[in-house]
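Structure, as structure tokens:
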Amino acid sequence: MTIRELQLTENERVGREVAAWMTRYNLRQADIAEILGFAQRNVSKRIRGEMPFRIDELLAIARYMGISLSQLLGEGIVNEKNPHPVELDGGSATLVAGGGFEPPTSGL
């Protein structure tokens with residue numbers, strides 16, 4: 001992952017992946033807007049990362065393109081693991097690792 005990619009928000013990264021697949025399939029924002037049932041300006045905001053894509057929207061796009069959600073988002077996003085701050089009741093934050101599929105290692 002490059003430094004610039006690390007500086008992008010999750011929404012921007014997802015928007016870039018969707019835009020790349022749109023280019024591969026020669027789709028315009030208006031086409032995606034029609035698939036999702038809302039105005040083109042809302043697709044534009046999502047692609048720029050100003051608004052997040054909802055999971056049902058991403059699934060609809062992937063289904064239309066005939067690809068998996070994993071393909072649409074890209075391996076880097078799908079398999080990413082990094083700590084995310086979580087606010088506790090007292091207002092302090094702690095880091096919690098992202099969920100994964102690692103088996104438990106106790107008792108080895």
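The values are calculated or read from the model by the stated rules, or taken from the named source; none is laboratory data. Please read all numbers here as calculations on a predicted model, not as lab measurements. Neighbour counts run over all protein chains shown; Cβ positions are idealised from the backbone, glycine included. All accessible areas refer to the heavy atoms of the entire protein, side chains included, with ligands and DNA or RNA removed. Shrake-Rupley method; radii C 1.70, N 1.55, O 1.52, S 1.80 Å.
Things to note:
- Evaluation of ALA62 against (1) touching a Ser or Thr at 6+ places or on another chain (Cβ under 7 Å); (2) exposed (fewer than 14 other Cβ atoms within 10 Å of the Cβ) (one fails), failing number: (2)
- The sole residue among VAL86, VAL78, VAL96 that is modelled with pLDDT of 80 or more and of a type in the set (Val, Ile, Thr) is VAL78.
- Single residue of the range 8-27 satisfying the filter (under 15 Å from the mean Cα position of the chain (by Cα) and open to solvent by 80 Å² or more (accessible area, probe 1.4 Å)) that is modelled with the lowest pLDDT: GLU10
- Residue pairs whose Cβ atoms lie under 6 Å apart, sitting 6 or more positions apart in sequence or on different chains, and linking a residue in the range 14-31 that is more than 16 Å from PRO52 (Cβ to Cβ) to a partner that is surrounded by 12 or more Cβ atoms within 10 Å (Cβ to Cβ) and among the polar types (S, T, N, Q), are GLN29/GLN40; GLN29/SER44; ALA30/GLN40.
- Hits in the range 28-46 - residues which are open to solvent by 30 Å² or more (accessible area, probe 1.4 Å) and in a helix (DSSP H, G or I): GLN29, ALA30, ASP31, GLU34, ILE35, LEU36, GLN40, ARG41, ASN42, LYS45
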